[in-house]
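Contents: one structure, followed by commentary.
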Amino acid sequence: MKLLCIDTTKQRAILALNNNGKLSYRIIPETKRHSEALLFELEQFLCDNQLTIQDIDTLGCVVGPGSFTGIRIGVATVKAFQFALNIPVVSDNYFNIVASDVKEGYVALKDTSTAVYLSKITKSKAGDITTINNTDVDNVVNGNKLYLDSSEHLAEVITYNNTSMIEDFATIMLNYFTKKAENKQFTNNADFAPVYAQLSQAERNLKD
């Protein structure tokens with residue numbers, strides 16, 4: 001299996017590769033715009049692993065939630081490669097992926113500077129995705145364990161005592177998509193779509 005995974009939902013994009021059991025990762029710094037850096041970084045990443053995109057036989061994609069622009073870039077890139085190479089895709093949202101590693105508790109992901117996406121994990125299953133203000137986290141989580149993605153710097157804005165950090169989402173993602181690919185749990189074209197979880201700012205402005 002030569003599985004290439006892409007996550008552009010957050011400020012730092014992630015590329016991950018399972019090359020017949022050899023695992024490799026590349027983090028694209030948040031100082032680089034996904035639209036400008038993704039294809040260049042992807043080519044360099046594959047070159048470093050002595051591969052080209054034509055060698056890839058399966059693609060993985062995190063479909064949201066997160067940055068609206070980032071999600072669209074990631075999904076569109078994977079769809080283009082899928083069409084050009086005629087290879088299968090495994091995909092899922094951030095919370096379902098994290099639930100494979102987090103057994104119980106809540107998981108928060110940055111939405112804006114004042115709000116987060118939140119999902120409750122029960123027996124390694126992610127619940128509905130909601131959006132709440134940072135100041136409401138204490139009341140909603142209500143003493144349960146809260147998991148924060150270390151790359152999002154949420155600990156700086158959320159004052160909640162019972163927290164743990166998700167330090168290595170890249171590895172969690174690659175392991176999750178590897179298992180899905182091995183089990184041939186491929187995503188149908190009709191189901192391969194972004195997960196935004198809420199309206200974009202432009203849509204909210206129109207609604208107002």
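Values quoted throughout were computed directly from the atomic coordinates according to the rules given, and no laboratory measurement underlies them. Every value quoted in this text rests on a predicted model; they were computed, and no experiment measured them. All Cβ positions, glycine included, derive from the backbone under ideal geometry; neighbour counts span all protein chains shown.
Rounded to the nearest 10 degrees, the angle from helix 68-85 to the longest Cα principal axis of the chain is 20 degrees.
If exposed means no more than 13 neighbouring beta carbons inside 10 Å and the site is in a DSSP loop, what's the longest run of the chain without any exposed trypsin sites (Lys or Arg not before Pro)? Let's see the in-between values first.
Working: sites that count: ARG33, LYS103, LYS123, LYS184.
Counting at most 13 other Cβ atoms within 10 Å as exposed, the longest clean stretch of the chain is 34-102.
Ignoring aspartates and glutamates fewer than eight residues from LYS32 along the same chain, the ones with Cα atoms less than 12 angstrom from its Cα are GLU41. Build a GNM of the chain with springs between Cα atoms under 10 Å apart, and of SER151, SER124, SER113 the one that fluctuates most is SER113. With a 10 Å cut-off between alpha carbons and a GNM built on the chain, which of ALA115, ALA197, ALA80 moves the most? Highest fluctuation of the listed residues: ALA80. The ranking of THR69, THR58, THR112, THR178 from fewest to most other beta carbons within 10 Å of each one's beta carbon is THR112, THR69, THR178, THR58. Charged neighbours of ASN19, selected by a Cβ distance under 15 Å, balance to -1 (K, R count +1; D, E count -1).
Cα centroid separation, the stretch 169-191 to the stretch 1-20: 11 Å.
Between beta-carbons, use under 15 Å as the cut-off and find the net charge around TYR106, counting Lys and Arg +1, Asp and Glu -1. My count for the surroundings of TYR106 gives -2. Seen against the Cα atoms of the chain and their longest principal axis, helix 169-182 is set at about 50 degrees. Build a GNM of the chain with springs between Cα atoms under 10 Å: which of THR159, THR77, THR31 gets the top mean-square fluctuation? Checking each option, the largest mean-square fluctuation is seen for THR31. What the Cα atoms of the chain give is an Rg and a Dmax of 17.0, 51 Å. Under the combined filter of DSSP loop state and at most 16 neighbouring Cβ atoms within 10 Å, the stretch 87-172 retains these GluC sites (Glu not before Pro): GLU104, GLU167.
Modelled label positions at VAL157 and LEU23, each set 7 Å beyond Cα in the direction of Cβ, lie 3.0 nm from each other.
Note on GLN185 and ASP168: the model spin-label points, each 7 Å out from Cα along the C-beta direction, lie 2.1 nm apart.
Here THR135 and ASN49 are evaluated by their C-beta separation; at R0 = 35 Å the FRET efficiency comes out at 0.20. Over all other residues within a Cβ to Cβ distance under 14 Å of SER67, the charged ones net out to +1, with Lys and Arg as +1 and Asp and Glu as -1. Taking each DSSP H run with n ≥ 4 as -39500 (n - 2.57) and averaging over every residue of the chain yields -9500 deg cm²/dmol at 222 nm.
Place a +1 charge on the Cβ of each Lys and Arg in the stretch 31-173 and a -1 charge on the Cβ of each Asp and Glu, then give the dipole magnitude about the Cα centre in debye, rounded to the nearest 20.
In debye, rounded to 20, the stretch 31-173 gives about 380.
Here the stretch 95-166 is assigned +1 on the Cβ of each Lys and Arg and -1 on the Cβ of each Asp and Glu. Its dipole about the Cα centre then comes out at about 300 debye. Taking 32 Å as the limit for the C-alpha separation, the pairs LYS145/LYS179; LYS10/LYS184; LYS79/LYS145 exceed it in the case of LYS79/LYS145.
What angle do you read, to the nearest 10 degrees and between 0 and 90, between the alpha-carbon axis of helix 34-48 and the longest principal axis of the chain? Compared with the principal axis, the helix lies near 50 degrees. Once every Cα of the stretch 95-166 carries one equal point scatterer and solvent is ignored, give the base-10 log of I(q)/I(0) from the Debye formula at q = 0.11 Å⁻¹, two decimals. Rounded to two decimals, the profile gives -0.21.
Placing a pseudo-label 7 Å from each Cα along the Cα-to-Cβ vector at GLU36 and SER113 gives an inter-label distance of 2.1 nm. The mean sequence separation of alpha-carbon pairs under 8 Å and at least six residues apart, normalised by the residue count of the chain, gives a relative contact order of 20 percent.
Within the same chain, aspartates and glutamates fewer than 8 places from LYS103 are excluded, and of the rest, those with a Cα less than 17 Å from its Cα are ASP128, ASP149, GLU167, ASP168.
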